[in-house]
Amino acid sequence: MKEFTEDYLDSMAQIIKADDKEKARAELASLHPADIAELYRNLDIQEAEYLFNLLDEEKAADVLMELDEDDRLKLLNAMPVEEIAKQIDHLDTDDAVDLIQQLDQEERDEILSHIDDVEQAGDIIDLLKYDEDTAGGLMGTEMIVVNENWSMPECIKQMRLQAEDMDEIYYVYVVDNDYRLRGTFPLKKMLTHPSVSKIKHVMETDPVSVKVDTPIDEVALDFEKYDLVAMPVVDSIGRLLGRITVDDVMDQVREASERDYQLASGISSDVDADDSVIAQTKARIPWLLVGIASGLLASVILGTFESQLQAVTALALFIPIIGGTGGNVGVQASAIVVQGLANGSLDIKNFAAQLGKEILIGLLNATVISAVVFVYNLITMPGEFAVTISVAVSLFIVVMFASMLGTIVPLTLEKLHINPALATGPFIQISNDIVGLIIYVQISTWFLHSLAGITF
């Protein structure tokens, strides 16, 4: 990977300022499209646009797809529609769809009308109809397809014709006369069975495929399970529609992971470090305001606890422990559930089993935590048995509640087809803080009255 030092960037800036096109072209020719995309991130939009216009159409198209969405949109907005159409001519249909989806409907229609390859434009229009979070929204139509009834010479002839417009060949798919997927044709068979009468006699049957409406997360699990580099996409009756490649899946997995991490951290929308101050503030502020509201509610709860705190000041020492322990336990439980749902190791159908398991784990954790705190308080606070037992029992109940909440909430969200990542981080933390305080107030009041005879 090319490293862009300050000296290098200064040198490129000087080349651009001097309008030395030949030197700029020579420098760009030595760089991979991914490196050029990285270079653009270190330039302003005018400099990036200057260099982009010096690239040949094929390399420019590759650079566009290497850029992140925000940088790509900036370049697209600065380009005439005719130029964008030329770039699309050099892209696979799935990449072309990703690019066009960033634009509004009017721009899409105008760009599609300028694409010379009518067949490609038609494929793009068809692909735009699919939900972007499904296999259909991720697939491309570039693939080599042969008929099961073809002879080997006919098969090889057709493969050569189809391969002319393809950059990479992953699999050769075999279909019947109704274009239903029947199998794959290993290239090795061309060498070992040169005179076979029909392809169906040497093809590999029962290929792993995915329905067009399958969610992307399920597609990703299949890629991992079967160690695939590409997967065919079929309709409800098994007709071959397209293929998905592993690089597209990994891009989607990375983006989904970033979104889930931000949600779990209390960031309400997708933002990057280089986004504007306003954009980042808008993404962060909702959960911060919720946190303020929960803090105010906690103060109200503590206000009702004022007489207890005045009578037994030692109670105040354990408020952070109650809130922090509940929040940590809840986040741990929800993280395990969200992870299990994401990697397929946890099935929503096993709701009761997972809840039962978490209850057992909660019992063990609650017993250990409350026992440790109980023993510690007995040693350090020998004259405050009511406080000691109040804290231990409160911790036990809080840990049990947090374990169940951290399990139930993400499983319920998944059942309602809502991203379970919404359940983690701030939501669980805040919920447990409030409930933990209420439990602590009630338990402490009862034990102080029963054991110490203190009336409030």
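Here Asp89 clears all of (1) farther than 28 Å from Glu164 by Cα; (2) modelled with pLDDT under 85 except the condition numbered (1).
For Leu161, the stated conditions do not hold, so it cannot be described as surrounded by fewer than 14 Cβ atoms within 10 Å (Cβ to Cβ), within 11 Å of Met203 (Cα to Cα) and assigned by TED's automatic domain parsing to the domain that holds Thr205.
Okay, residues lined up against (1) modelled with pLDDT of 85 or more; (2) surrounded by fewer than 19 Cβ atoms within 10 Å (Cβ to Cβ):
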{"residue": "Leu317", "(1), (2)": "no, yes"}
{"residue": "Val329", "(1), (2)": "yes, no"}
{"residue": "Ala335", "(1), (2)": "no, yes"}
{"residue": "Asn343", "(1), (2)": "no, yes"}
{"residue": "Leu355", "(1), (2)": "no, yes"}
{"residue": "Thr367", "(1), (2)": "yes, yes"}
{"residue": "Val375", "(1), (2)": "yes, yes"}
{"residue": "Leu405", "(1), (2)": "yes, no"}
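Determine whether the stretch 216-224 contains at least one residue that is loosely packed, with under 12 Cβ neighbours inside 10 Å, closer than 25 Å to Glu255 by Cα and under 36 Å from the mean Cα position of the chain (by Cα). No, the conditions are met nowhere in the stretch 216-224. Within the stretch 231-247, the only residue that satisfies the criterion of being buried (at least 21 other Cβ atoms within 10 Å of the Cβ) and among the charged types (D, E, K, R) is Arg243.
Residue check: is Leu127 in contact (Cβ under 8 Å) with a residue 60 or more places away in the chain, out of contact with any strand residue (DSSP E or B) (no Cβ under 7 Å at 6 or more places or on another chain) and either under 21 Å from Glu204 (Cα atoms) or not charged (D, E, K, R) (or both)? In short, yes. Residues that are within 23 Å of the chain's Cα centre (by Cα) and either outside any loop (DSSP other than H, G, I, E, B) or at pLDDT below 85 (or both): does the stretch 105-126 have at least one? Within the stretch 105-126 (the criterion being within 23 Å of the chain's Cα centre (by Cα) and either outside any loop (DSSP other than H, G, I, E, B) or at pLDDT below 85 (or both)), the answer is no, since none of the residues qualifies.
Scanning the stretch 164-215 for residues that are in contact with a Lys or Arg (Cβ under 9 Å, 6 or more places away or on another chain) and either assigned by TED's automatic domain parsing to the domain that holds Tyr130 or of a type in the set (S, T, N, Q) (or both) turns up just one, Thr205. For beta carbons closer than 6 Å, sequence separation of 6+ or different chains, a first residue in the stretch 347-358 that is on the phi < 0 side of the Ramachandran plot and a second that is surrounded by 13 or more Cβ atoms within 10 Å (Cβ to Cβ), the qualifying pairs are Ile348/Glu414; Phe351/Leu411; Leu355/Thr407; Glu358/Ala333; Glu358/Ser403; Glu358/Thr407.
Search the stretch 46-67 for residues being under 22 Å from Asp167 (Cα atoms) and surrounded by fewer than 18 Cβ atoms within 10 Å (Cβ to Cβ), and hand back the single one that is nearest to the chain's Cα centre (by Cα). The qualifying residue nearest to the chain's Cα centre (by Cα) is Glu66.
Is it the case that some residue within the stretch 413-429 is assigned by TED's automatic domain parsing to the domain that holds Ile322, over 30 Å from Asn350 (Cα atoms) and at pLDDT 80 or above? For the stretch 413-429, residues assigned by TED's automatic domain parsing to the domain that holds Ile322, over 30 Å from Asn350 (Cα atoms) and at pLDDT 80 or above: absent. Would the stretch 94-104 turn up any residue that is touching a residue at least 60 places away in the same chain (Cβ under 8 Å), surrounded by 14 or more Cβ atoms within 10 Å (Cβ to Cβ) and not in a loop (DSSP other than H, G, I, E, B)? Checked the stretch 94-104: at least one residue is touching a residue at least 60 places away in the same chain (Cβ under 8 Å), surrounded by 14 or more Cβ atoms within 10 Å (Cβ to Cβ) and not in a loop (DSSP other than H, G, I, E, B).
The values are calculated or read from the model by the stated rules, or taken from the named source; none is laboratory data. All values reported here derive from a predicted model rather than from experimental measurement. Please note: Cβ atoms are built from the backbone with ideal geometry, for glycine as well, and neighbour counts cover all protein chains shown.
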